[in-house]
Amino acid sequence: MKVKILFFASLREQLGTAAEEVEIPNSASTVAGLRLHLMKRGGAWQDALADMKVVRVAVNQDMAAANAPLNPGDEVAFFPPVTGG
Amino acid sequence: MKISVQQEDFDLSTEVIEISGNPRIGAVASFVGVVREVAMTLEHYPGMTESAINSIVEEARAKWQVLDLVVIHRYGDLEPGDQIVLVAVASSHRGDAFAACEFIMDFLKTQAPFWKKEHHPDGARWVDARDSDDRAAERWRSIKPKLLKS
């Protein structure tokens, strides 16, 4: 299935991309599964997504846990802890 | 109720007047965040930012008497001394206005998807999230609103 992935702030810079559509296997149909799938690209992907303590994930603009399921067309955003205010 | 994520600056007194029309209002508490020392660029997640602020505001309205409020958060390039964020809450009494205002600020800092990149003389760097901000948000979990009536 296809999902849209977004990256913000330091993650966007590390990965050199803000958004892309990816086709993912059924084994990657959770937040954790998608993260591992992307880490297999190696290099910056492996480095940037390795530490879940500094990577937050939102699915369809709501904060999501590692075991949250993904559905076709979902918008999945990866970003560091927020620093607004 | 007004929630705005914008590049433009804002005027505190204009915004306070806007939320002070209801004759039941006896208190308006406001907070303005200002850029300290170093220029910065604020990035956000359009769409999620607004819905995250909405959720925080709804939680505040469930806990305290909020007759009206305004939340404005800026993004883009900001210079030292520039205003970043405004939260103003109108209520019948000061206890609810102060508490709701501080609650909203604490959760804006830890829940709303904004990221600050500071432009130092030796280069730009992303600001790290602070544990003290997490603790500030966490302490609200044990506070009963009924204890906070003025």
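The values are calculated or read from the model by the stated rules, or taken from the named source; none is laboratory data. Everything numeric in this text was worked out from a predicted model, so none of it was measured. For neighbour counting, all protein chains shown are included, and Cβ atoms are generated from backbone atoms with ideal geometry for every residue, glycine included. All accessible areas refer to the heavy atoms of the entire protein, side chains included, with ligands and DNA or RNA removed. Shrake-Rupley method; radii C 1.70, N 1.55, O 1.52, S 1.80 Å.
Here are some residues: B:V71, B:V28, B:V87, B:V35. Which one is under 16 Å from the mean Cα position of the chain (by Cα) and farther than 20 Å from B:K2 by Cα?
On the way: B:V71 fails: farther than 20 Å from B:K2 by Cα; B:V28 fails: farther than 20 Å from B:K2 by Cα; B:V87 fails: farther than 20 Å from B:K2 by Cα.
Criteria check complete, one pass: B:V35.
Among what's in the range B:95-115 and is in contact with a Lys or Arg (Cβ under 9 Å, 6 or more places away or on another chain) and under 26 Å from A:V76 (Cα atoms), pick the residue that is surrounded by the fewest Cβ atoms within 10 Å (Cβ to Cβ). Break it down into steps so the answer makes sense when it comes.
Taking the range B:95-115 first, the residues in contact with a Lys or Arg (Cβ under 9 Å, 6 or more places away or on another chain) are B:95-96, B:99-100, B:103, B:106, B:109, B:113.
Retained after the next criterion (residues that are under 26 Å from A:V76 (Cα atoms)): B:106, B:109, B:113.
On the way: B:D106: 20, B:K109: 22, B:P113: 25.
Applying the filter and picking the extreme gives B:D106.
(1) within 25 Å of B:K116 (Cα to Cα); (2) touching a residue at least 12 places away in the same chain (Cβ under 8 Å): which one isn't true of B:D11, the others all being true?
With respect to (1) within 25 Å of B:K116 (Cα to Cα); (2) touching a residue at least 12 places away in the same chain (Cβ under 8 Å), B:D11 is out only on (2).
Check B:R74 against each of (1) basic (K, R); (2) touching a Gly at 6+ places or on another chain (Cβ under 6 Å); (3) touching a residue at least 40 places away in the same chain (Cβ under 8 Å) and name the one condition it does not meet.
Single failed check for B:R74: (2).
Which residues, taken from the range B:90-130, are hydroxyl-bearing (S, T, Y) and either within 11 Å of chain A (Cβ to nearest Cβ) or under 17 Å from the mean Cα position of the chain (by Cα) (or both)? Give the steps one after another, and end with the answer.
To start, the set of residues in the range B:90-130 that are hydroxyl-bearing (S, T, Y) comprises B:91-92, B:110.
Listed by number, the residues that qualify are B:S91, B:T110.
Taking the residues in the range A:31-85 that are of a type in the set (G, A, S) and crowded, with 19+ Cβ neighbours inside 10 Å as candidates, determine which candidate is farthest from B:I56 (Cα to Cα). First the steps, then the outcome.
Taking the range A:31-85 first, the residues of a type in the set (G, A, S) are A:32-33, A:42-44, A:48, A:50, A:58, A:64-66, A:68, A:73, A:77, A:84-85.
With the extra rule that they be crowded, with 19+ Cβ neighbours inside 10 Å, the set shrinks to A:48, A:58, A:64, A:77, A:84-85.
Details: A:A48: 29, A:A58: 16, A:A64: 17, A:A77: 20, A:G84: 14, A:G85: 13 Å.
Selected residue: A:A48.
In the list B:E58, B:E43, B:E18, which residue meets the criterion of being acidic (D, E) and buried (at least 19 other Cβ atoms within 10 Å of the Cβ)? Before you say what the answer is, go through the steps one by one.
Numbers: B:E58 fails: buried (at least 19 other Cβ atoms within 10 Å of the Cβ); B:E18 fails: buried (at least 19 other Cβ atoms within 10 Å of the Cβ).
Step by step, each of B:E58, B:E43, B:E18 is checked, and only B:E43 is acidic (D, E) and buried (at least 19 other Cβ atoms within 10 Å of the Cβ).
For residues in the range B:26-37 being surrounded by fewer than 17 Cβ atoms within 10 Å (Cβ to Cβ) and β-branched (V, I, T), which is farthest from B:H119 (Cα to Cα)?
Taking the candidates together, the pick is B:V32.
Can you report the number of residues in the range A:53-85 which are among the basic types (K, R) and over 11 Å from the mean Cα position of the chain (by Cα)?
The initial filter retains those residues of the range A:53-85 that are among the basic types (K, R), namely A:53, A:56.
Those still in the list that are over 11 Å from the mean Cα position of the chain (by Cα) too: A:53.
Adding up the residues that qualify gives 1.
Mind checking which residues of the range B:118-128 are farther than 18 Å from B:D82 by Cα and open to solvent by less than 50 Å² (accessible area, probe 1.4 Å)?
Keep residues of the range B:118-128 that are farther than 18 Å from B:D82 by Cα, which gives B:121-126, B:128.
The answer is B:G123, and nothing else.
Kindly provide the set of residues from the range B:119-139 that are charged (D, E, K, R) and either closer than 30 Å to B:A100 by Cβ or in contact with a Pro (Cβ under 7 Å, 6 or more places away or on another chain) (or both), ordered by number. Break it down into steps so the answer makes sense when it comes.
Keep residues of the range B:119-139 that are charged (D, E, K, R), which gives B:122, B:125, B:128, B:130-131, B:133-135, B:138-139.
Within the range B:119-139, B:D128, B:R130, B:D131, B:D133, B:D134, B:R135, B:E138, B:R139 meet the criteria.
I'd like to check which strands (runs of 3 or more DSSP E) are fully inside the range B:49-130 and have at least 1 residues that are more than 21 Å from B:A39 (Cα to Cα) and not small (G, A, S).
Working: elements: B:68-74, B:76-78, B:83-91, B:114-120, B:123-126.
In the range B:49-130, the matching strands (runs of 3 or more DSSP E) lie at B:68-74, B:83-91.
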